[in-house]
Amino acid sequence: MSDPSERIEVTTDRDVVRVRQLVRTVAAALKLSLVDQTKIVTAASELARNTLVYGGGGYAEVSRPEGDHRTGIRIVFGDDGPGIADLELALTDGYTTGGGMGLGLSGARRLVDEFDIVTAPGQGTTITVVKWRR
């Protein structure tokens, strides 16, 4: 059975920091390796920032899924923003709309074990990531 989730509203830069701190705390409590802790914290930081900057704010919900004799950390990021018009392009390495390095979505996807995104223009975006303990 999964532990209860913890939800953080993401509306300011301070909330992005709170998401990162919560993810670090949960990953350490689950005894993820230091490398895997760093990967999930980095992915969470990128996705929380995207929720704020591109989605206009939203939420991050952190939980501890269990199943198939394994445990891990699941984070769901959601917003009611403009959505992603061209998801394939947005997931391309180097693509950016914000003048950054363009590693946000594609980089986050590489850092986690499971990555799911649901989006449509005008419908917002929901991204779910999971990192399993090895």
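Computed from the coordinates by the stated procedures, all read-outs in this text should not be read as laboratory data. All values reported here derive from a predicted model rather than from experimental measurement. Because the Cβ atoms are built from the backbone with ideal geometry, glycine has one as well, and the counts that use them run over all protein chains shown.
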In nanometres, the difference between 0.36 nm per residue of separation and the alpha-carbon distance of Val53 and Asp13 is 13.5 nm
Interchain or sequence-distant (5+) residues whose placed amide H lies within less than 5 Å of the amide H of Arg64 are Asp3, Arg74
Any residue on another chain or 5+ positions along whose placed amide H is under 5 Å from the amide H of Thr71 is listed here as Arg133
For Arg70 and Asp113, extending 7 Å from Cα along the Cα-Cβ vector and measuring point to point gives, in nm, a value of 0.3 nm
For region 104-115, Karplus-derived ³J(HN,Hα) couplings (6.51, -1.76, 1.60; θ = phi - 60°; whole Hz; x for glycine and proline) come out as x, 5, 5, x, 4, 4, 6, 7, 10, 7, 9, 9
Footprinting proxy, Glu9, Glu88, Glu61: sorted fewest to most Cβ within 10 Å, the residues are Glu88, Glu9, Glu61
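Do the sum for the chain: with -39,500 (n - 2.57) for every DSSP H run of n ≥ 4, divided by all residues, what is the mean residue ellipticity at 222 nm, to the nearest 500 deg cm²/dmol? Provide the component values of the computation, followed by the final result.
Details: 4 runs with 49 residues, N = 134.
Mean residue ellipticity at 222 nm (helix-derived): -11500 deg cm²/dmol.
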Here the FRET efficiency for Ser106 versus Val35, based on Cβ atoms and R0 = 22 Å and rounded to 0.05, is 0.70
Amide H proximity to Ile84 below 5 Å, modelled H, separation 5+ or other chain, gives Ala120
Scalar couplings 3J(HN,Hα) for region 127-134 by Karplus 6.51 cos²θ - 1.76 cosθ + 1.60 (θ = phi - 60°), nearest whole Hz, x for Gly and Pro, are 10, 10, 10, 9, 10, 8, 6, 9
Which of (1) 22, 20, 16; (2) 29, 15, 12; (3) 24, 15, 14 is the computed semi-axes √(5λ) of the Cα gyration tensor in Å? It is (3)
